[in-house]
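This report concerns only the one structure given below.
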Amino acid sequence: MNIVSSVVEVRAQVKEWRRLGLSVGLVPTMGYLHEGHKSLIVRAVAENDRVVVSDFVNPTQFGPHEDLDSYPRDIDADSRLCEAAGAHLIFHPRPEDMYASDFCTWVDMTGLTEGLCGKSRPGHFRGVCTVVSKLFNIVAPDRAYFGQKDAQQLAVIRRMVRDLNFDVEIIGCPIVREADGLARSSRNTYLNAEERQAAVVLSRAVTLGRTMMEQGERRAEMVLFAMRKMLEGEPLARIDYVEMVDASSMQPVAEIRGPVLCAIAVYIGKTRLIDNVVFEG
Ligand code: PAF
């Protein structure tokens, strides 16, 4: 697997592909790749001639007391997964390759970033928007692939691409789950055996919410109340948020009409996990 760390090398490779008339897909990741990432890479390989996977634990999207230092990393395993999935290049920069010591230019977004994860993780989306903008400028892909698990991130990136006229098509891909329903996440690795069992409550709560909406419940408060009750029944779970928002503006809704995002963030022990369902209404 071809792994490069410098911006110059990625640009040279992409330039060569472009010279040959090849299309390029980008799968931005923070590494420690799992089946969820693999599904993004496989889709990108099916839809593009060449695929770049970026593998970078982006320091600017972590808060001061978050898990930047302990975030899991394993570039050898990532390389094997990328190879198996058919990717062509891994961009694995060091923090100093992405952020000069006097770096001072940020991509910040209002509105969409203020609720949900943005509320509990101030500055998180500024870091995400900035690094994703940089990746788009470095790789200049035709298409970029993001998981629906990070639903707010996906909405934010779509809006950023529209607002700043990035010439890239954003492809959202379905959540990939473990056999018992837990959404795949690099952070699942933090869970001990007892917490891992408890974590299934997230997907159960999301399934409950989806079922209620499918059965015709249109009052957001009723759906959220039932989901909260289920989550509160799990002793190892501590709710960060349980919310129903408009799927594109990310603003809370009282009535379920049109596409809504029903999203949750829950601590299982010290590990913060997220899950969601989009309901078309
Ligand atoms: O979803 C992620 O893994 C990250 O937020 C991303 C998009 C790779 C930016 O660092």
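Residue by residue, here is whether (1) among the charged types (D, E, K, R); (2) without any contact (Cβ under 8 Å) to a residue 40 or more places away in the chain holds:
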site: L20; (1), (2): no, yes
site: L26; (1), (2): no, no
site: H37; (1), (2): no, no
site: V42; (1), (2): no, no
site: R50; (1), (2): yes, yes
site: F56; (1), (2): no, no
site: E66; (1), (2): yes, no
site: D74; (1), (2): yes, no
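State the number of residues belonging to region 229-281 that are farther than 28 Å from Q197 by Cα and of a type in the set (A, V, I, L, M).
Initial filter on region 229-281 (farther than 28 Å from Q197 by Cα): 245-260, 280-281.
Right, trim to of a type in the set (A, V, I, L, M) and you get 245, 247, 250, 253-254, 256, 260.
Within region 229-281, residues that are farther than 28 Å from Q197 by Cα and of a type in the set (A, V, I, L, M) number 7.
Kindly check whether there is at least one residue in region 4-17 that is within 16 Å of the ligand (Cβ to nearest atom), surrounded by 21 or more Cβ atoms within 10 Å (Cβ to Cβ), among the aliphatic types (A, V, I, L, M) and under 25 Å from A179 (Cα atoms).
The answer is no, given that none of the residues of region 4-17 is within 16 Å of the ligand (Cβ to nearest atom), surrounded by 21 or more Cβ atoms within 10 Å (Cβ to Cβ), among the aliphatic types (A, V, I, L, M) and under 25 Å from A179 (Cα atoms).
So, of the residues in region 119-137 that are part of a helix (DSSP H, G or I) and away from the ligand (no atom under 13 Å from the Cβ), which turns out to be farthest from the chain's Cα centre (by Cα)?
Let us first name the residues in region 119-137 that are part of a helix (DSSP H, G or I), namely 119-120, 124-137.
Subset that is away from the ligand (no atom under 13 Å from the Cβ): 119-120, 137.
Details: K119: 16, S120: 16, N137: 19 Å.
Among those that are part of a helix (DSSP H, G or I) and away from the ligand (no atom under 13 Å from the Cβ), it is N137.
Has region 72-79 got any residue that is surrounded by fewer than 18 Cβ atoms within 10 Å (Cβ to Cβ), away from the ligand (no atom under 13 Å from the Cβ), among the polar types (S, T, N, Q) and over 15 Å from the mean Cα position of the chain (by Cα)? If you could, list the steps in order and put the result at the bottom.
First, the residues of region 72-79 that are surrounded by fewer than 18 Cβ atoms within 10 Å (Cβ to Cβ): 72-77.
With away from the ligand (no atom under 13 Å from the Cβ) added as a condition, the list becomes 74-77.
So of that shortlist, the ones also among the polar types (S, T, N, Q) come out as none.
Scanning region 72-79 turns up no residue that is surrounded by fewer than 18 Cβ atoms within 10 Å (Cβ to Cβ), away from the ligand (no atom under 13 Å from the Cβ), among the polar types (S, T, N, Q) and over 15 Å from the mean Cα position of the chain (by Cα).
Let me spell it out: the conditions are (1) crowded, with 21+ Cβ neighbours inside 10 Å; (2) of a type outside the set (D, E, K, R); (3) not in a loop (DSSP other than H, G, I, E, B), and T113 meets all of them except one. Which number is the exception?
(3)
If I filter region 146-168 for residues that are in contact (Cβ under 8 Å) with a residue 24 or more places away in the chain, touching a Cys at 6+ places or on another chain (Cβ under 7 Å), in a helix (DSSP H, G or I) and within 18 Å of A265 (Cα to Cα), do I get at least one hit?
Yes: region 146-168 contains one or more residues that are in contact (Cβ under 8 Å) with a residue 24 or more places away in the chain, touching a Cys at 6+ places or on another chain (Cβ under 7 Å), in a helix (DSSP H, G or I) and within 18 Å of A265 (Cα to Cα).
Yes or no: region 184-193 includes at least one residue that is more than 29 Å from S54 (Cα to Cα) and over 21 Å from the mean Cα position of the chain (by Cα). Can you show your working first?
Taking region 184-193 first, the residues more than 29 Å from S54 (Cα to Cα) are 193.
Subset that is over 21 Å from the mean Cα position of the chain (by Cα): 193.
The answer is yes, given that some residue of region 184-193 is more than 29 Å from S54 (Cα to Cα) and over 21 Å from the mean Cα position of the chain (by Cα).
Every number in this text was worked out from the coordinates using simple rules, so none of it is lab data. Everything numeric here is computed off the predicted structure, so don't read it as measured data. All Cβ positions, even for glycine, are placed from backbone atoms using ideal geometry, and neighbour counts span all protein chains on display.
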